[in-house]
Structures are given as C-alpha cells and as structure tokens.
Amino acid sequence: MRRMFPYRATLVQCFALSGTYNESPRGQLRGVWPQAWWPHVKATQQSRWPLGFYKCLIARNTALALAVALGAAACTPTLDWREVRLAPSPAIALLPCKPDRATRSVPLGGEPTELVVAGCATGGATFALMAARLPAGRDADAVLAGWQQATLAHMRASGTPERRPFTPPGGSALAHAQRVAARGQAPDGRPVMAQAAWTARPGAGGATELLHAVVYAERLKPETADAFFEAIRW
C-alpha cells in the first residue's frame, strides 16, 4: 500500500512551518525555529512551549487517519515495534514504525535547551517521543506541569483528563510524572484522542533528564497505547 501522507513530510513540515532547515543524508533535521512561531502558555513562570508543533501533529494526524480509512479495503496497517533511543538522553522506548528524527534548540523555561524528537505514523495514529535535559537547579516537576498544560490546551481537551502516576523503570516519582488520557479537537474540528506521558530522572551533574511520549488518533486502541507507554524505560 502506498503511503498517501508520509510521516517524514509531516515531521519536516511541523518543524519548519515558519523557519528554515537543512536535512542531512541521515535525515537529521537542523535549523531555526523563529521565536515568533512559539505561542506559549504561562503554566510556569518564563516557560515557553512548542504548541505549534502539537497543533501541526494533531492536524496532520487527522489527514493520515482519513487516508488509512479510505485505504482499509486495499490493505491493513500493521504495527512493527522497534527499539528507539533518544541520544544523548538515556531514555529507551518502542515505536511501531520507522521513526524520523529532529533536534532543535528550544527556549525551555527561558533557557536554551536541546529537544530531541523521534516520531512516526501508522494505522491512523501518530506517535512522538521528545527528550530534553534541564540544567541543575531547575524545578523539573514545574516544567512537567507546564508541558502537560500546553499539550492539553492545544488539543482543546474537553472534560477532565484521566491521570495516573507514570514511573517507568529508572524514573523519579514526581507529582506530574503522569500518564494522561484526553479527548479533544483537531484544528479542523475533528475529534481526536490522545494519550501522553511525562517522566524524569536525575542526570549527571545535578541535571534532570525529561521524556515526553504522546500518541494521537481519531480512534485509539487501548492495547496500542499500553504497548507504547509500558516499553518506556531509563
């Protein structure tokens, strides 16, 4: 089955909506996200979040889901899980399709921070992993809280999201180290389901390693989400 909305194009477009980038032969995307491209939520003082990236992922995912539905008679998408590492982060996870990767310097809580992203789409769902390192002295739990608020805001989550503690092997038991399930809307008004998780662990020299994992779909199978999140470890 030919991929009608290849995820590689999706990731490039979501990272380069208003900026420039250069793509290396290995697919690593490097460039600039202009400051003007970053709407932000004041969940924590002086925090900025890549909300446009989430909005783009949700929008592109609805197009992908429609393409999969239209092509269901021709073939059935399969999940081909493989291990993914987000170096230099020690985090390890599984993705059900071959990931594309990008790295950007982002103003995380007012400090330039490298954000490493890996993501792919299959079976009508979009999967993304994001890793970052906070310098010593930063409040990791406050950063996780802001990240959660930004994610839910941009999918226009309705009702009360379902929350539960999320402490994968090696993770710290922070208040906002959580797995969250929510329903909301894509930018075009279509319904979207999301499950997301945030985790942290102490890093070298007093730093804190952060990991965010998220899956968006119009209809999300619980067993697929469980396989995604239960594989995460530090």
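The values are calculated or read from the model by the stated rules, or taken from the named source; none is laboratory data. Predicted, not measured: the structure shown is a model, and the values here were computed from it. Glycine gets a Cβ as well: all are built from the backbone with ideal geometry, and neighbour counts include every protein chain shown. Protein only, heavy atoms only, side chains kept; ligands, DNA and RNA dropped before computing areas. Shrake-Rupley method; radii C 1.70, N 1.55, O 1.52, S 1.80 Å.
Points to keep in mind about this one:
- With respect to the conditions (1) within 19 Å of residue 223 (Cα to Cα); (2) open to solvent by 60 Å² or more (accessible area, probe 1.4 Å), residue 192 lacks only one, and its number is (2).
- Of the residues making up the range 144-180, those that are assigned to a strand (DSSP E or B) and surrounded by fewer than 17 Cβ atoms within 10 Å (Cβ to Cβ) are 158, 159, 160, 162, 163, 164, 165.
- Restricting attention to the range 195-205, the residues that are of a type outside the set (S, T, N, Q) and either open to solvent by less than 70 Å² (accessible area, probe 1.4 Å) or part of a loop (DSSP other than H, G, I, E, B) (or both) add up to 5.
- Within the range 206-234, being under 16 Å from residue 152 (Cα atoms) and not in a strand (DSSP E or B) holds for one residue alone: 218.
- Members of the range 92-113 that are in contact (Cβ under 8 Å) with a residue 12 or more places away in the chain and under 22 Å from residue 149 (Cβ atoms): 104, 106, 107, 108, 109, 110, 111, 113
- Of the residues making up the range 85-103, those that are buried (at least 20 other Cβ atoms within 10 Å of the Cβ) and not in a loop (DSSP other than H, G, I, E, B) are 93, 95, 100, 102.
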